[in-house]
Amino acid sequence: MKRYRLLIIALILIWFISSAVIRLSVSPIAPSEQLNGYRILGRLLAKVLWQQSEIFRDTGRWWMVLPLLRVTTFLDPTFAEAFDFAGWHIAYNLRAEEKDESKRVQWVKLGMQVYEQGLERSPNNFSLLFGMGWTAYDKLGDTILAAYYLERALNAQGKFTKDIDWNRHMLAHVYERMPNMRMALKHWNEAGLDAPYNPVARGATVTITERYIASEAMSQNGYYEEAIQILENITRHPDKKFATIPRHMLAEIYREMGDLESAYAIMKQMTEWHKMEPRAEFKARELEQMIRRRRLQIRE
């Protein structure tokens, strides 16, 4: 470990000394060429540190990865791959290492801040946009934020056909649990057009159309009780006892009706049933805060 630290320190010192020399020797004739040399040197050092961070990752020394990634992104702020890896590493690996359950969400938010820093320099990078959207959905549980970044990722640079297909699938899942069934159906239909032989997309369009579109339309037109009855009938089926989509829809209907307590109870119950359901946890926290604010307003 000491050898690696000395190597890192030596590389950083070389970069700082070189940058100081270049700044002192910049002439009014060709400053851009010399500054470009300074940037290239920084990027080369960033690549070296990046490769070392991958070695630490592959050998299980996670605690040594983050410091290297911080230096790497400092040396080359346009190194999108390093920001992508750093954001994922913090939001997933360091979160998993956190023993205090209440503090885990802070690691997720920190990882997302790293993604945001990368997007400041590379706003149209597919990997960063998708990583941000995926983390918002999978770990933070914020479906609105996830949809925003995943929609942007559809039009981003550097993606392949398989990336578009995967992105659409993720967007559809996000809208299912937002919930916004019309948007979910839109993306499943588009996924089916892009890949006609994809059974997942075909099955999802049938399921949403048969089970959820009618109840969503009813609730949007004020027929709350009828929509609730349809969704509760679905959850009574033995195979759908723990289904998440109808419960997200039920909670949203109760929230629209102003019955925050019922909406909160549904989301809270889901967090107990599904330990890996951050969407329910996120909504439960939001609803709990809304209930507290309303009670304070009543007291005033």
Residue 205 passes all but one of (1) polar (S, T, N, Q); (2) farther than 29 Å from residue 131 by Cα; (3) crowded, with 16+ Cβ neighbours inside 10 Å; which number fails? (2)
Single condition residue 222 does not satisfy, out of (1) surrounded by 13 or more Cβ atoms within 10 Å (Cβ to Cβ); (2) at pLDDT 95 or above; (3) of a type outside the set (D, E, K, R): (1)
Name the pairs: first residue in region 264-287 and surrounded by fewer than 21 Cβ atoms within 10 Å (Cβ to Cβ), second residue outside any helix (DSSP H, G or I) and of a type in the set (A, V, I, L, M, F, W, C), Cβ to Cβ under 8 Å, at least 6 apart or on different chains? 273/242; 274/242
Out of the residues in region 262-300 that are small (Gly, Ala, Ser) and under 23 Å from the mean Cα position of the chain (by Cα), state the one that is nearest to residue 140 (Cα to Cα). 280
Filtering region 175-208 down to residues that are over 18 Å from residue 247 (Cβ atoms) and among the aliphatic types (A, V, I, L, M) yields 183, 185, 191, 193, 195, 200, 201, 206
In this structure, is residue 184 under 30 Å from residue 254 (Cβ atoms) and not assigned by TED's automatic domain parsing to the domain that holds residue 276? yes
Counting only helices (runs of 4 or more DSSP H) entirely within region 199-300, those with at least 1 residues that are within 20 Å of residue 183 (Cα to Cα) and small (Gly, Ala, Ser) are 199-211, 213-220, 224-236, 245-257, 278-299
Is it true that some residue in region 125-144 is more than 10 Å from the chain's Cα centre (by Cα), outside the structural domain of residue 245 (by TED's automatic domain parsing) and among the basic types (Lys, Arg)? no
Take the conditions in contact with a Leu (Cβ under 8 Å, 6 or more places away or on another chain), hydroxyl-bearing (Ser, Thr, Tyr) and under 28 Å from residue 166 (Cβ atoms) and apply them to residue 205. Does it pass? yes
Do you know which of the residues in region 227-257 that are surrounded by 14 or more Cβ atoms within 10 Å (Cβ to Cβ) and without any contact (Cβ under 8 Å) to a residue 12 or more places away in the chain is nearest to the chain's Cα centre (by Cα)? 243
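The values are calculated or read from the model by the stated rules, or taken from the named source; none is laboratory data. Here the structure is a predicted model, which means the values were calculated and not measured. Please note: Cβ atoms are built from the backbone with ideal geometry, for glycine as well, and neighbour counts cover all protein chains shown.
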